[in-house]
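There's a structure below that I have some questions on.
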Amino acid sequence: MTADAATARLVLMTPPVQDADGWPGTMGDALLAAVAAAPVDAVLLRLPKLDERSLLKALKPLIARLQEHNVAVLIEDAPELVARSGADGAHVSDPAQLHDAAEAMKTLGRMVGVGNLRARHDAMEAAEEGTDYVLFGEPRRDGSLQPLSGVLERAQWWAELFQTPCIAYAPTLDDVAALAATGCEFVALGDAVFAHPGGPAEAMALALAALRKSAEAPAR
């Protein structure tokens, strides 16, 4: 993941897996269509509950194809699969697990990031731990979302004060420009892409246009 000081970049987060049968299936196809349609710095893969052998069998070809598009692939909450799957790093959804994951990724020379940061203090502790990025605003485990106003405030606060890159989650395509305007390095998209009526490629084109428009807007 590389940050551009002028323009926020895109990150994709796959939705939680409800049905592991045939995974990654249509989600994998949508993901590949999305990264082919617009530049994406990273993909965060949420995994189904499958045995390790089945996960690796599905992960290896998907990760390889994503990496053909210069995408960094991060696996959520399964750091033990990173090296064997060929992934570029681990994403931790529980900040309490960050230390162990960060140590493991440091040994491997891979990235590690963290989400579900509910307080400013949690985010600052994560930065001290050496995380490669912090993620704000992603859906909670029950599917609910933080108010966008809070995510905007948190992203702007972080971007103004800290060196560690920040990812801000956009629930809809209409939220992309406002989040990018906070100064965050990355804007993450999930259902806004995978559930878009016009398909993932169209959604990505709209997101990219919103980022560019935000970058061209005069500073307030």
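The values are calculated or read from the model by the stated rules, or taken from the named source; none is laboratory data. The structure presented is a predicted model; accordingly, all values stated were derived computationally and were not measured. Cβ placement follows ideal geometry from the backbone for every residue including glycine, while neighbour counts extend to all protein chains displayed. With ligands, DNA and RNA removed, areas are computed over all heavy atoms of the protein, side chains included. Shrake-Rupley method; radii C 1.70, N 1.55, O 1.52, S 1.80 Å.
Within a Cβ distance under 12 Å of residue 91, other residues only, what is the Lys/Arg minus Asp/Glu net charge?
On the way: positive: 46, 110; negative: 76, 77, 88, 94, 132, 138.
Result for the neighbourhood of residue 91: -4.
Also: Relative to the Cα centre, what is the charge dipole magnitude of the range 1-84, using +1 at the beta carbon of each Lys and Arg, -1 at the beta carbon of each Asp and Glu, and rounding to the nearest 20 debye?
Details: 8 positive and 11 negative charges, 33 e Å.
With Lys and Arg at +1 and Asp and Glu at -1, about 160 debye.
Would you mind working out the magnitude of the charge dipole of the chain relative to its Cα centre, with +1 at each Lys and Arg C-beta and -1 at each Asp and Glu C-beta, to the nearest 20 Debye? Please list the in-between numbers first.
On the way: 18 positive and 30 negative charges, 62 e Å.
In total the dipole reaches around 300 debye.
Using a cut-off of 21 Å between alpha-carbon atoms, which lysines can reach residue 57, once sequence neighbours fewer than 8 places away in the same chain are excluded?
Here the lysines satisfying the reach criterion relative to residue 57 are 49.
How much of the accessible area of the range 1-134, probe 1.4 Å, is carbon plus sulfur, in whole percent? The partial results should precede the final answer.
Numbers: 3010 of 6420 Å².
Roughly 47 percent of what the probe reaches on the range 1-134 is carbon or sulfur.
At a 1.4 Å probe radius, carbon and sulfur cover how many percent of the accessible area of the range 144-207?
Working: 1450 of 2630 Å².
Carbon-and-sulfur percentage of accessible area, whole number: 55.
Sticking with this one: Please give me the summed charge of the neighbours of residue 175: other residues whose Cβ is under 15 Å from its Cβ, Lys and Arg +1, Asp and Glu -1. Don't skip to the answer; put the middle values down first.
On the way: positive: 154, 213; negative: 138, 153, 174, 191.
Surrounding charge for residue 175 is -2.
Something else now. With +1 assigned to the C-beta of every Lys and Arg and -1 to the C-beta of every Asp and Glu, and no other charges, what is the dipole magnitude of the range 115-220 about the Cα centre in debye, to the nearest 20? Numbers along the way, then the final one.
Numbers: 8 positive and 15 negative charges, 52 e Å.
Dipole size: approximately 260 debye.
Let me ask another. Using a 1.4 Å probe on the protein heavy atoms only, what accessible surface does residue 69 show? Give it in Å² to the nearest 10.
Only protein atoms counted, so the area is about 70 Å².
Quick check: with the 1.4 Å probe, what order do 174, 29 take by accessible area, largest first?
On the way: 174 140, 29 100 Å².
Ranked from most to least accessible, the order is 174, 29.
Leaving out ligands and nucleic acids, and using a 1.4 Å probe, what accessible area per residue does the chain come to in Å²?
Numbers: 10720 Å² over 220 residues.
Normalised by residue count, the accessible surface of the chain is 49 Å².
For the chain, report the translational diffusion coefficient in µm²/s to the nearest whole number, using Stokes-Einstein at 25 °C, 0.890 mPa s, and a Kirkwood Rh over Cα pairs. Working shown, then result.
On the way: Rh = 17.3 Å.
Approximately 142 µm²/s, per Stokes-Einstein.
Picking from 71, 82, 17, whose Cα lies most toward the positive end of the charge dipole for the range 1-132 (charges on Cβ: Lys, Arg +1; Asp, Glu -1)?
Value: 71.
Still on this structure: Rounded to the nearest 10 Å², what accessible area does residue 124 show when all protein chains are kept and the probe is 1.4 Å?
Its accessible surface works out to 70 Å², give or take rounding.
Counting each DSSP H run of 4 or more residues in the chain as -39500 (n - 2.57), what helix-only mean residue ellipticity at 222 nm follows after dividing by all residues, to the nearest 500 deg cm²/dmol?
Details: 9 runs with 94 residues, N = 220.
Result for the chain, helices only: -12500 deg cm²/dmol.
Which residue, 217, 124, 114, has the largest displacement toward the positive end of the dipole of the chain when charges sit on each Cβ (Lys, Arg +1; Asp, Glu -1)?
217
Below 8 Å, C-alpha to C-alpha, sequence gap of six or more: please give me the relative contact order for the range 66-204 in percent. Kindly include the intermediate steps, with their values, before the conclusion.
Details: 229 pairs, mean separation 19.1, N = 139.
Relative contact order, the range 66-204: 14 percent.
Oh, and also: How charged is the neighbourhood of residue 71? Take every other residue with its Cβ under 13 Å from the Cβ of residue 71, and add Lys/Arg as +1 and Asp/Glu as -1.
For residues surrounding residue 71, the net value is -1.
Another question, if that's okay. Order the following by accessible area, largest value first: 206, 50, 56, 81. Probe radius 1.4 Å; ligands, DNA and RNA are ignored. Before the final figure, lay out the partial values.
Values: 206 90, 50 65, 56 25, 81 5 Å².
Order by accessible area, largest first: 206, 50, 56, 81.
Moving on to the next point. Roughly how far apart, in whole Å, are the Cα centres of the range 46-83 and the range 5-42?
For the range 46-83 versus the range 5-42, the Cα centre distance is 12 Å.
Hand me the trypsin sites (Lys or Arg not before Pro) from the range 106-163 located in a DSSP loop with no more than 14 other Cβ atoms within 10 Å, in residue order please.
Working: sites: 106, 110, 118, 120, 140, 141, 154; in loops: 110, 118, 140, 141.
Answer by residue number: 118, 140, 141.
Let me ask something else about it. With every protein chain present, what accessible area does residue 132 have (1.4 Å probe, heavy atoms only), rounded to the nearest 10 Å²?
Rounded to the nearest 10, that gives 70 Å².
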